[in-house]
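Enquirer: Following this message is one structure expressed as structure tokens.
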Amino acid sequence: MRVTSSLFMLRPMVEFVYEILERRGMARIGLLSISELQLATPNVLFVRADANTSMDWVEAYLSTEKIEKGILIDDLPDGDPKSDLPLSKPLSQDMLEFPFQEGKGDVSFLSEPREAAKAQKEIVALQNTVEFLRYPGEFVRAFITLREVAGYQRAIYAPLLATPANLPLLTYCGIDLVDVLRVYYDSRRGYFHSSEGRLPVDELDEWPCMCPACENQDLLEHNLRAMTTELRRSRGAIRRGDLREVVERRVANDPWMTAVLRELDYRCYEWQELHFPVVGPTLRAYSRESLFRPEVVRFRRRLKERYLKPASAQVLLLLPCSARKPYSASKSHRIFRSAIRASGNQWAVHVAVITSPMGLVPLDLELFYPVQHYDVPVTGDWSRDEASILEEDIKAFLHVNEYASIIVHLGSEAELVESAVNNALVSSREEPRSAEALERLQVTLKEATSSMPIVPHWRRQAENLRSIAEFQFGRGGKALVAECSTKGRYPNLRLFRDGKQVAALTRNRGMLSLTLYGGEILADADLHCVEIDDFYPEGNVFAVGVLDAHEDIRIGDDVVVRHGEEVRAVGVARMSPREMRSSDRGEAVRVRHRRKKARS
């Protein structure tokens, strides 16, 4: 059967379908179509509680009967804030006593996550969610399992959990739909909700916001409006790529949220990392939690697992970071580069930058995300966590990569580095850009490299490209750049073999971008491949045509699209490999170059 990427557009209209439009980590922007209702996700489901309250800003309701903007469920707690809401049964009771039964509404309510395999609805929800407010670890594990079992093409609904403060975190966890039932319950009890948490309304000296509800001191309407405000803020953060920063600011206000984020970072890194792109916007590392975000930990792990230094580099020079990125474009690093050139054997010197939250960054990896795109407060003060991470990374790096000499040219970081490096030559411990420090650096470099053979630029550039290729594609990636010549000037280089372009390195993308010829080389090494059915892509490749995908592919990676042994396209992954394999709609690969079918 011949499958084409255009078949996705020809899929027949169905009554109920969920399509993912944008992804950022586990969070996503989607479009949920239920009959005539077109609902953007993430979203908040309201209830009709007060006929006197104007709620024209509401996008969707929970309802037990067919209404405009309604999502049908079999039973609905009384939305009147004057009555109690039945919050939940204990987790153990649900799991043991209530076997799964498919309801008649639009939502499959499950006693436990693995029942999603039996559910037929496009929206799945757990019945016992409020119990998770006592068990943050169970919450994380339950919703990861629910996503794994339900797949990526169904919407996950978390009832009775959401507040304005935790809505960004729930969205970050991959939850698509929440409701206002907890806010109704808290409104009855007299709690005022905001992005910072909740307060008893009788402790407010004055109502702190200027929404129409606060002008009338209508607590319920204010809390409902606050939910909508946070919904819009969360959707905007997903589109901008800064939802993680929003979450890091929020968790400081609530122990449950802090515990959830730490559970994700400390014990569920592999799940998070699978969904986080290898390219992105500026990463703002302003809190302790930033040290453990997936993009940062992935860089540090790949440095240990994939990276090998350029073979000709025999002297390691440790330098401080710079505010401007990439480092080599900064004024301070241009000054350091002059001292390195003056040593007389500059290409025998391997520069690595000491920085938080990244730890140690070889200069040949300075274009990779998030190294080229992070912002961090620079005070010269290092926390115990930062110091521990730095020491661990340096020791791991030097265990794999050996040098004849190591030179430390830093400021306040010098003492931290010296404790991790044996027999280091220190040319600066205070102000590395001072004239005296630069003169000492030049002398130290000359002494360290004078007895070494002169390393030519062309050799070192080829070795740098090998290090880049292996870091990007894995240890087999060196096959891509073997015997290549280059054209252009760093950081914009084009790689050629046998007169044909293999790939291009650009500052904008920060990675090697493949041509079809480069894709063939990578396919021979069996790296970063997406297997498709027997068709020649005429546009982008959609998941309906994907048969398999290598597990180490991440969103934003350059990939090879092949059928059997024939490379038919190269491009950029738009899904994780698990989503590619399990989905039948959505863009899997954005194609850069494609091979046309030969005419018979």
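Enquirer: How big is the range 184-318 by the Kirkwood estimate over distinct Cα pairs, in Å?
Expert: After inverting the pairwise mean of 1/r, the radius is 18.2 Å.
Enquirer: Would you please put 361-370, 528-537 in order of how densely packed they are, using the mean number of other Cβ atoms within 10 angstrom per residue and starting with the highest?
Expert: On the way: 361-370: 22.5, 528-537: 20.0.
For the peptides 361-370, 528-537, the packing ranking is 361-370, 528-537.
Enquirer: Once the range 216-295 is represented by equal point scatterers at the alpha-carbon sites, with solvent omitted, what log10 I(q)/I(0) does the Debye formula produce at q = 0.11, 0.17, 0.24 Å⁻¹?
Expert: The computed values of log10 I(q)/I(0) come out as -0.37, -0.78, -1.26.
Enquirer: List the residues whose amide H sits under 5 Å from the amide H of Asn540, counting only those 5 or more places along or on another chain, with H placed 1.01 Å from N in the peptide plane.
Expert: Result for Asn540 returns Val591.
Enquirer: Please report Rg (one decimal) and Dmax (integer) in Å for the Cα set of the range 461-594.
Expert: 14.2, 43
Enquirer: Can I ask one more? What ranking, highest mean first, results for peptides 337-344, 162-169, 26-33 when packing means the other Cβ atoms within 10 Å averaged over each residue?
Expert: So the order, starting with the most tightly packed, is 162-169, 26-33, 337-344.
Enquirer: Here's another thing I want to ask about it. Quickly rank 207-215, 260-268 as a protection proxy: mean count of other C-beta atoms within 10 Å, highest first.
Expert: Values: 207-215: 13.6, 260-268: 17.9.
So the order, starting with the most tightly packed, is 260-268, 207-215.
Enquirer: Let me ask something else about it. Can you grab the distance from the C-alpha centre of the range 339-414 to the C-alpha centre of the range 565-590, Å, no decimals?
Expert: For the range 339-414 versus the range 565-590, the Cα centre distance is 35 Å.
Enquirer: I would also like to ask the following. Would you list, by chain and number, the aspartates and glutamates whose Cα falls below 18 Å from the Cα of Lys596, excluding same-chain residues fewer than 8 positions away?
Expert: Glu520, Glu531, Asp533, Asp534, Glu538, Glu565, Glu566
Enquirer: Once Rh for the range 540-600 is found with the Kirkwood sum over Cα pairs, what is the Stokes-Einstein diffusion coefficient at 10 °C and 1.306 mPa s, in µm²/s? Numbers along the way, then the final one.
Expert: On the way: Rh = 11.6 Å.
Answer, rounded: 137 µm²/s.
Enquirer: Suppose a student asked you for the relative contact order of the chain, using Cα pairs under 8 Å spaced at least 6 residues apart; what percent would you report?
Expert: Computed over the chain, the figure is 11 percent.
Enquirer: How big is the equivalent ellipsoid of the range 335-446 along its three axes, where each semi-axis is √(5λ) from the Cα gyration tensor, reported in whole Å from largest to smallest? Show your work: numbers first, answer last.
Expert: Details: eigenvalues 94, 51, 48 Å².
Over the Cα atoms of the range 335-446, the semi-axes work out to 22, 16, 16 Å.
Enquirer: Largest first, please: the extent of the C-alpha atoms of the chain along each principal axis, to the nearest Å.
Expert: If we take the Cα atoms of the chain, the spans are 85, 75, 43 Å.
Enquirer: In whole Hz and in residue order, list the ³J(HN,Hα) couplings for the range 535-545 that follow from phi through the Karplus curve 6.51 cos²θ - 1.76 cosθ + 1.60, θ = phi - 60°; x for Gly and Pro.
Expert: Working through the residues one at a time gives 8, 9, x, 9, x, 6, 9, 9, 4, 4, x Hz.
Enquirer: Roughly speaking, what is the centre-to-centre gap between the range 294-322 and the range 504-560 when only Cα atoms are used, to the nearest Å?
Expert: The distance from the Cα centre of the range 294-322 to that of the range 504-560 comes to 25 Å.
Every number here is computed from the coordinates shown, using simple stated rules; none is lab data. Just so we're clear, the structure is a prediction, and the values are computed from it rather than from any experiment. Reconstructed Cβ throughout: ideal geometry from the backbone, glycine too, with neighbour counts over all protein chains shown.
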